[in-house]
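Here is the structure we will look at.
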Amino acid sequence: QEAQDNTITLHGDCPALVKLMNFYLYDLDYMLSVNAASHLLMHIEVFALADKYAISTLQILCADKFKKCVHFHSDSDEFVAAISYIFGELTKYYRKMREEVATLICSKMSLMIKEIHALGVYGKHSELVLLEKGKEMKWWT
């Protein structure tokens with residue numbers, strides 16, 4: 001049927017994300033709308049779609065776009081949602097995005113140390129991120 005119609009149906013994928021993936025396939029880039037509800041989550045979801053279809057160059061682009069965008073949203077609910085998605089729903093193999101989140105949280109620790117309650121700002125995953133990063137950096141044994 002698809003060969004006759006010259007179409008391919010991708011079942012189970014969000015049409016908006018597939019559209020962004022198609023833009024990338026033609027232009028080697030994709031742009032999010034200014035009106036997009038969540039830029040961080042969109043970059044993560046496009047990254048996951050690129051992983052599903054084994055488009056490694058799109059994964060690299062998504063990680064770079066996420067990295068550029070994450071610092072502007074680090075004090076927002078969107079960042080908390082992004083942390084939950086990256087450390088909850090995505091597999092441990094999405095290391096580039098996890099490292100960026102860990103680096104950002106660690107860099108903010110000097111500001112957060114003044115108020116111990118500030119850890120709650122980043123949700124339940126912030127403690128896990130810091131413990132994981134601490135082991136990696138050998139902050140404790």
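The values are calculated or read from the model by the stated rules, or taken from the named source; none is laboratory data. Keep in mind that what you see is a predicted model, and the values were worked out from it rather than measured. Please note: Cβ atoms are built from the backbone with ideal geometry, for glycine as well, and neighbour counts cover all protein chains shown. When the accessible area is computed, the model is the full protein with side chains, heavy atoms only, and any ligands, DNA or RNA have been set aside. Shrake-Rupley method; radii C 1.70, N 1.55, O 1.52, S 1.80 Å.
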Query raised in the report: With each pseudo-label sitting 7 Å past Cα toward Cβ, what's the Lys96-Lys135 distance in nm, one decimal?
Result: 2.5 nm
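Starting from 0.36 nm per residue, how many nanometres of slack lie between Ala54 and Val18 once their C-alpha separation is accounted for?
Answer, rounded to one decimal: 11.6 nm.
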**Report entry** Farthest positive-ward along segment 1-100 dipole, Cα basis, beta-carbon charges - from Val34, Asn6, Ile83
**Finding:** Ile83
Requested in this report: Give me the net charge of Cys69's neighbourhood, meaning all other residues with Cβ under 12 Å from the Cβ of Cys69; Lys, Arg count +1, Asp, Glu -1.
Outcome: 0
Report summary line: Quick numbers on segment 1-91, Rg and Dmax over C-alpha atoms in Å, give 14.2, 50
Query - Check: segment 15-109 dipole with +1 on Lys, Arg Cβ and -1 on Asp, Glu Cβ, in debye - result: 220 debye
Query raised in the report: Carbon and sulfur atoms: what percent of the 1.4 Å accessible area of segment 15-109 do they account for?
Result: 58 percent
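May I ask you to give the solvent-accessible area per residue for segment 15-109, in square angstrom, as obtained with a 1.4 angstrom probe?
On the way: 5180 Å² over 95 residues.
About 54 Å² of surface per residue is accessible.
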**Report entry** Computed accessible area, Leu61, all protein chains, 1.4 angstrom probe, square angstrom
**Finding:** 40 Å²
